[in-house]
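A.B. asks: The structure that follows is given in the form of structure tokens.
The values are calculated or read from the model by the stated rules, or taken from the named source; none is laboratory data. Bear in mind the structure is a predicted one, so any value in this text is a computation, not a measurement. Glycine gets a Cβ as well: all are built from the backbone with ideal geometry, and neighbour counts include every protein chain shown. When the accessible area is computed, the model is the full protein with side chains, heavy atoms only, and any ligands, DNA or RNA have been set aside. Shrake-Rupley method; radii C 1.70, N 1.55, O 1.52, S 1.80 Å.
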Amino acid sequence: MTSLIQPGEAEALLQAAINGELPDERGRFGPFGGRYVPETLVPAFERLEAGVREHLHDPQFQAEYQRELREWVGRPTALTHAPRLSERWGADVWLKREDLAHTGAHKINNAIGQALLAKRLGVERVIAETGAGQHGVASAAACARVGLPCAVYMGAVDIERQAPNVDRMRRLGAEVIAVESGDKTLRAAIDEALRKWVTDPAGIYYLLGSAVGAHPYPYLVRELQSVIGRESREQMIEQAGGLPDAAFACVGGGSNAIGLFYPLLGDDIELIGVEAGGTGSGLGQNAATLATGTPGVLQGSYTMILQDGDGQVQETHSISAGLDYSGVGPEHALLQATGRVRYVAASDGDALAALEELCETEGILTALETSHAYVAAREWAKENPGKRLLIGNSGRGDKDMPTLTKFPVKVRGHASA
Ligand SMILES: *Cc1c(COP(=O)(O)O)cnc(C)c1O
């Protein structure tokens with residue numbers, strides 16, 4: 001999408017991103033981002049923006065947040081060397097283990113940060129949206145931790161598909177509200193949560209789950225998830241003796257990827273985001289927003305989206321529920337346009353095979369979302385023998401067992417048998 005950025009502009013925008021100058025005061029990452037919301041929502045977003053400005057980098061807030069990350073989330077998460085996978089791939093492979101974080105994925109970094117912010121802002125309750133239920137579980141847990149009631153909006157279709165997570169949320173004290181409007185999945189759940197938020201922006205905090213939507217969410221979520229990249233940077237230097245040559249992360253809305261990439265933008269590291277290639281390259285067959293989409297406005301942000309020729313947002317498909325979204329965070333759209341990060345797609349089948357390979361070689365059952373990152377990393381390793389690479393292992397795969405059970409394990413030969 002180089003046409004959106006004038007020649008010569010890309011370098012200046014990238015430098016601004018590296019310097020921490022983006023988003024600008026209008027919430028924009030170059031041409032992307034911003035706040036395209038109805039008049040009725042403006043006061044709620046302005047109130048949130050003022051709250052973020054006042055509290056997020058306040059030392060007392062940060063001390064509290066860091067303490068929760070350490071004592072409750074279990075940070076820093078491990079950096080794991082993968083010797084057997086390295087041998088197979090002919091590269092030096094390292095894994096950043098967000099699967100070891102409380103509730104099993106990176107989502108908790110954001111959820112607890114925003115829950116603490118909600119507490120500071122003095123709201124009476126929190127609302128959240130969820131698709132697969134992972135962000136709903138993280139939000140329910142974080143709200144219980146800070147002592148705020150939590151209601152999670154979830155599409156009726158997803159409630160049916162993700163029954164175990166619905167039960168988890170309820171046990172963690174959240175109320176799960178079925179959304180019967182629109183596509184009855186994640187997009188409708190976000191719309192419904194926004195509608196609820198405008199009814200009482202002073203009393204309600206909307207805890208959004210990825211680096212998407214109108215300003216300040218993409219900024220707020222990036223700041224909270226950047227702990228992944230900061231820890232990785234230090235751990236790579238300490239454990240591997242230097243930074244990686246390339247880093248990989250899966251991209252749904254883009255929160256774990258921006259969290260890993262952002263602190264590495266200024267380094268000489270190839271950065272690759274991996275989207276859901278689904279079953280094919282046609283509209284509706286995948287969720288490869290950056291790899292195959294076009295610019296447009298979705299849920300308050302100008303970004304890359306999957307739409308048809310009339311601008312109708314398209315349904316998506318992925319084997320992993322967490323990557324199944326027709327938009328993406330605006331900062332990724334900029335990083336793609338400047339050429340700093342490359343975005344590729346991995347198919348359902350290749351993701352399944354990668355999941356199996358990681359189980360077999362390293363004893364880690366990773367999430368189906370995460371598996372997509374391994375597909376691209378493996379290809380890169382074959383083309384770059386002997387190089388060092390880092391993979392953001394965004395979550396654990398236990399939640400995917402109902403899906404995985406449909407695909408029987410290949411019978412493996414045991415060398416010693
Ligand atoms: C939700 C989820 C994702 C996708 O969300 P991002 O905002 O793109 O990070 C990726 N991996 C796991 C394990 C998830 O639960």
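A.B. asks: Can you name the condition, by its number, that K387 falls short on among (1) over 23 Å from I108 (Cβ atoms); (2) within 14 Å of the ligand (Cβ to nearest atom)?
C.D. replies: The number of the failed condition is (2).
A.B. asks: Here is a further query. Would you say L100 is open to solvent by 10 Å² or more (accessible area, probe 1.4 Å) and within 15 Å of the ligand (Cβ to nearest atom)?
C.D. replies: yes
A.B. asks: Among the residues in the stretch 188-199, are any away from the ligand (no atom under 13 Å from the Cβ), surrounded by 18 or more Cβ atoms within 10 Å (Cβ to Cβ) and without any contact (Cβ under 8 Å) to a residue 60 or more places away in the chain?
C.D. replies: For the stretch 188-199, residues away from the ligand (no atom under 13 Å from the Cβ), surrounded by 18 or more Cβ atoms within 10 Å (Cβ to Cβ) and without any contact (Cβ under 8 Å) to a residue 60 or more places away in the chain: present.
A.B. asks: Which count do you get for residues in the stretch 282-295 that are open to solvent by 10 Å² or more (accessible area, probe 1.4 Å) and either in contact with a strand residue (DSSP E or B) (Cβ under 7 Å, 6 or more places away or on another chain) or within 18 Å of A337 (Cα to Cα) (or both)?
C.D. replies: Going through the stretch 282-295 one residue at a time, the tally reaches 6.
A.B. asks: Could you grab the pairs with beta carbons closer than 6 Å, sequence gap of 6+ or different chains, first residue in the stretch 128-139 and open to solvent by 10 Å² or more (accessible area, probe 1.4 Å), second one among the hydrophobic types (A, V, I, L, M, F, W, C) and in a strand (DSSP E or B)?
C.D. replies: Partner pairs satisfying both residue conditions: Q134/A105.
A.B. asks: Quick check on the stretch 217-251: of everything there that is within 21 Å of A91 (Cβ to Cβ) and assigned to a loop (DSSP other than H, G, I, E, B), which residue is farthest from the ligand (Cβ to nearest atom)?
C.D. replies: Per the stated criteria, the residue is G241.
A.B. asks: Identify, by number, the condition in (1) at pLDDT 95 or above; (2) within 14 Å of the chain's Cα centre (by Cα) that Y325 doesn't meet.
C.D. replies: Answer for Y325: the failing condition is (1).
A.B. asks: Is it the case, given these coordinates, that P59 is modelled with pLDDT of 95 or more and within 26 Å of A354 (Cβ to Cβ)?
C.D. replies: Working: modelled with pLDDT of 95 or more: yes; within 26 Å of A354 (Cβ to Cβ): no.
It is false that P59 is modelled with pLDDT of 95 or more and within 26 Å of A354 (Cβ to Cβ).
A.B. asks: Something else about it: Say whether the condition of being away from the ligand (no atom under 16 Å from the Cβ) and open to solvent by less than 10 Å² (accessible area, probe 1.4 Å) is met by at least one residue in the stretch 268-275.
C.D. replies: Start the filter on the stretch 268-275 by keeping residues that are away from the ligand (no atom under 16 Å from the Cβ), which leaves 268-270.
In the following step, the residues that additionally are open to solvent by less than 10 Å² (accessible area, probe 1.4 Å) were identified as 269.
Checked the stretch 268-275: at least one residue is away from the ligand (no atom under 16 Å from the Cβ) and open to solvent by less than 10 Å² (accessible area, probe 1.4 Å).
A.B. asks: Another question, if that's okay. Taking the conditions exactly as written (acidic (D, E), closer than 19 Å to L186 by Cβ, touching a helix residue (DSSP H, G or I) at 6+ places or on another chain (Cβ under 8 Å) and surrounded by fewer than 24 Cβ atoms within 10 Å (Cβ to Cβ)), does D324 satisfy them or not?
C.D. replies: For D324, the condition - acidic (D, E), closer than 19 Å to L186 by Cβ, touching a helix residue (DSSP H, G or I) at 6+ places or on another chain (Cβ under 8 Å) and surrounded by fewer than 24 Cβ atoms within 10 Å (Cβ to Cβ) - is met.
A.B. asks: Counting residues that are more than 18 Å from I190 (Cβ to Cβ), which strands (runs of 3 or more DSSP E) fully inside the stretch 73-166 reach at least 2? Break it down stepwise before answering.
C.D. replies: Working: elements: 79-81, 92-97, 125-130, 150-155.
So the answer is 79-81, 92-97.
A.B. asks: Sticking with this one: Here are the criteria: (1) within 21 Å of V37 (Cβ to Cβ); (2) surrounded by fewer than 24 Cβ atoms within 10 Å (Cβ to Cβ); (3) away from the ligand (no atom under 16 Å from the Cβ). Tell me which single one Y205 does not satisfy.
C.D. replies: (2)
A.B. asks: Another question about this same structure. Which of the residues spanning the stretch 1-40 are open to solvent by less than 70 Å² (accessible area, probe 1.4 Å), part of a helix (DSSP H, G or I) and in contact (Cβ under 8 Å) with a residue 60 or more places away in the chain?
C.D. replies: L4, A10, L13, L14, A17, I18, listed by residue number.
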